[in-house]
Amino acid sequence: MKKLTIVIVCMIATGLLFTAAFAAHDVGGAALAAGDAAKGKALFNDAKFAGATSGKSCNSCHPDGKGLEKAADKKEFNIMGKKQNSLVEAVNFCIEMAIKGKPIDATSNQMKDIVAYIKSLKGKTMGKDMPMKEKKQSPGY
(Lines give C-alpha, C1' and ligand atoms only; values in the text may rest on other atoms or scores of the structure.)
Protein backbone atom coordinates (compact mmCIF):
# COMPACT_ATOMS: atom_id res chain seq x y z
CA MET A 1 0.00 0.00 0.00
CA LYS A 2 2.88 2.39 0.81
CA LYS A 3 4.45 1.80 -2.64
CA LEU A 4 1.14 2.53 -4.37
CA THR A 5 0.83 5.83 -2.49
CA ILE A 6 4.35 6.82 -3.51
CA VAL A 7 3.64 5.96 -7.17
CA ILE A 8 0.41 7.98 -7.16
CA VAL A 9 2.09 11.01 -5.54
CA CYS A 10 4.91 10.85 -8.11
CA MET A 11 2.42 10.66 -10.98
CA ILE A 12 0.51 13.68 -9.67
CA ALA A 13 3.72 15.67 -9.21
CA THR A 14 4.89 14.79 -12.73
CA GLY A 15 1.50 15.78 -14.14
CA LEU A 16 1.63 19.14 -12.39
CA LEU A 17 5.13 19.81 -13.72
CA PHE A 18 4.09 19.08 -17.30
CA THR A 19 0.93 21.15 -16.94
CA ALA A 20 2.94 24.14 -15.71
CA ALA A 21 5.50 23.71 -18.50
CA PHE A 22 2.85 23.62 -21.24
CA ALA A 23 0.87 26.49 -19.74
CA ALA A 24 3.96 28.72 -19.86
CA HIS A 25 4.09 28.84 -23.67
CA ASP A 26 2.00 30.78 -26.14
CA VAL A 27 1.17 29.98 -29.76
CA GLY A 28 4.31 31.72 -31.03
CA GLY A 29 6.48 29.52 -28.86
CA ALA A 30 7.73 32.26 -26.58
CA ALA A 31 7.48 31.69 -22.88
CA LEU A 32 4.88 33.85 -21.22
CA ALA A 33 7.06 34.45 -18.22
CA ALA A 34 7.02 38.18 -17.73
CA GLY A 35 9.80 40.15 -19.29
CA ASP A 36 11.14 43.47 -18.07
CA ALA A 37 9.41 46.33 -19.90
CA ALA A 38 12.16 48.81 -18.94
CA LYS A 39 14.81 46.59 -20.51
CA GLY A 40 12.52 46.09 -23.50
CA LYS A 41 12.22 49.84 -23.95
CA ALA A 42 16.02 50.12 -23.95
CA LEU A 43 16.21 47.43 -26.66
CA PHE A 44 13.41 49.18 -28.60
CA ASN A 45 15.56 52.33 -28.70
CA ASP A 46 18.90 50.60 -29.39
CA ALA A 47 20.09 51.05 -32.99
CA LYS A 48 22.40 48.04 -32.54
CA PHE A 49 19.70 45.70 -31.18
CA ALA A 50 19.81 42.23 -32.75
CA GLY A 51 22.86 43.17 -34.80
CA ALA A 52 20.97 45.88 -36.69
CA THR A 53 22.99 47.31 -39.56
CA SER A 54 20.60 50.01 -40.79
CA GLY A 55 21.39 52.52 -38.05
CA LYS A 56 17.70 52.40 -37.10
CA SER A 57 15.98 51.17 -33.97
CA CYS A 58 12.41 50.00 -33.51
CA ASN A 59 11.74 53.54 -32.28
CA SER A 60 12.70 54.90 -35.71
CA CYS A 61 9.45 53.55 -37.20
CA HIS A 62 7.42 53.59 -33.97
CA PRO A 63 8.40 56.76 -32.06
CA ASP A 64 7.50 56.23 -28.41
CA GLY A 65 5.67 53.05 -29.46
CA LYS A 66 3.28 54.78 -31.85
CA GLY A 67 1.23 52.26 -33.82
CA LEU A 68 1.77 49.45 -31.31
CA GLU A 69 -0.96 50.39 -28.82
CA LYS A 70 -3.15 47.46 -29.93
CA ALA A 71 -0.40 44.93 -30.61
CA ALA A 72 -0.80 43.19 -27.24
CA ASP A 73 -4.29 41.95 -28.17
CA LYS A 74 -3.59 40.92 -31.75
CA LYS A 75 -3.28 37.26 -32.74
CA GLU A 76 -1.91 37.92 -36.21
CA PHE A 77 -0.17 40.77 -37.95
CA ASN A 78 0.18 41.90 -41.54
CA ILE A 79 3.40 43.82 -42.04
CA MET A 80 4.65 44.82 -45.48
CA GLY A 81 2.11 42.45 -47.05
CA LYS A 82 3.40 39.46 -45.06
CA LYS A 83 1.41 37.61 -42.39
CA GLN A 84 2.86 36.89 -38.93
CA ASN A 85 0.99 34.58 -36.55
CA SER A 86 2.18 36.09 -33.24
CA LEU A 87 3.74 39.15 -31.70
CA VAL A 88 7.03 37.26 -31.49
CA GLU A 89 6.96 36.60 -35.25
CA ALA A 90 6.09 40.26 -35.90
CA VAL A 91 9.00 41.46 -33.77
CA ASN A 92 11.44 39.21 -35.62
CA PHE A 93 10.01 40.23 -39.00
CA CYS A 94 10.60 43.89 -38.17
CA ILE A 95 14.08 43.13 -36.88
CA GLU A 96 14.98 41.48 -40.18
CA MET A 97 13.18 43.75 -42.63
CA ALA A 98 13.15 47.20 -41.00
CA ILE A 99 16.31 47.42 -38.92
CA LYS A 100 18.28 44.81 -40.88
CA GLY A 101 19.15 42.69 -37.87
CA LYS A 102 19.13 38.99 -37.12
CA PRO A 103 16.02 37.39 -35.60
CA ILE A 104 16.28 36.68 -31.90
CA ASP A 105 15.32 33.44 -30.16
CA ALA A 106 11.61 33.40 -29.36
CA THR A 107 12.32 32.20 -25.81
CA SER A 108 15.22 34.56 -25.06
CA ASN A 109 15.15 37.19 -22.34
CA GLN A 110 15.54 39.88 -25.02
CA MET A 111 12.32 38.69 -26.72
CA LYS A 112 10.49 38.52 -23.38
CA ASP A 113 11.66 42.06 -22.56
CA ILE A 114 10.74 43.66 -25.88
CA VAL A 115 7.35 41.91 -25.88
CA ALA A 116 6.78 43.15 -22.31
CA TYR A 117 7.53 46.69 -23.46
CA ILE A 118 5.18 46.44 -26.44
CA LYS A 119 2.45 45.03 -24.21
CA SER A 120 2.99 47.91 -21.78
CA LEU A 121 1.85 50.27 -24.56
CA LYS A 122 -1.65 48.74 -24.53
CA GLY A 123 -4.35 51.36 -24.32
CA LYS A 124 -2.02 54.35 -24.46
CA THR A 125 -2.98 57.16 -26.78
CA MET A 126 -0.33 58.29 -29.21
CA GLY A 127 0.04 60.87 -31.89
CA LYS A 128 -2.06 64.03 -31.79
CA ASP A 129 -3.90 62.83 -28.66
CA MET A 130 -0.64 62.32 -26.77
CA PRO A 131 -0.08 64.97 -24.13
CA MET A 132 2.64 67.40 -25.10
CA LYS A 133 5.53 68.21 -22.81
CA GLU A 134 4.96 71.32 -20.78
CA LYS A 135 6.67 74.41 -22.06
CA LYS A 136 8.77 76.41 -19.64
CA GLN A 137 7.27 79.82 -19.20
CA SER A 138 9.11 82.99 -18.39
CA PRO A 139 8.25 84.34 -14.96
CA GLY A 140 6.25 87.55 -14.66
CA TYR A 141 4.50 87.93 -18.02
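The values are calculated or read from the model by the stated rules, or taken from the named source; none is laboratory data. Worth saying up front: this structure is predicted, and the values here are computed from it rather than measured. For neighbour counting, all protein chains shown are included, and Cβ atoms are generated from backbone atoms with ideal geometry for every residue, glycine included.
Restricting Gly67, Gly81 to those that are over 22 Å from Ala38 (Cβ atoms) and at pLDDT below 95 reduces the list to Gly81. Restricting segment 76-120 to residues that are touching a residue at least 60 places away in the same chain (Cβ under 8 Å) and not in a helix (DSSP H, G or I) leaves a set whose member that is farthest from Gly65 (Cα to Cα) is Thr107.
Matching residues to (1) surrounded by 15 or more Cβ atoms within 10 Å (Cβ to Cβ); (2) at pLDDT below 95; (3) farther than 24 Å from Lys74 by Cβ:
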| site | (1), (2), (3) |
| --- | --- |
| Asp105 | no, no, no |
| Ser108 | no, no, no |
| Ala116 | yes, no, no |
| Gly123 | no, yes, no |
| Met130 | no, yes, no |
| Gln137 | no, yes, yes |
| Gly140 | no, yes, yes |
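If you go through segment 32-75, how many residues are touching a residue at least 60 places away in the same chain (Cβ under 8 Å), in a loop (DSSP other than H, G, I, E, B) and in contact with a Leu (Cβ under 8 Å, 6 or more places away or on another chain)? Here the count works out to 0.
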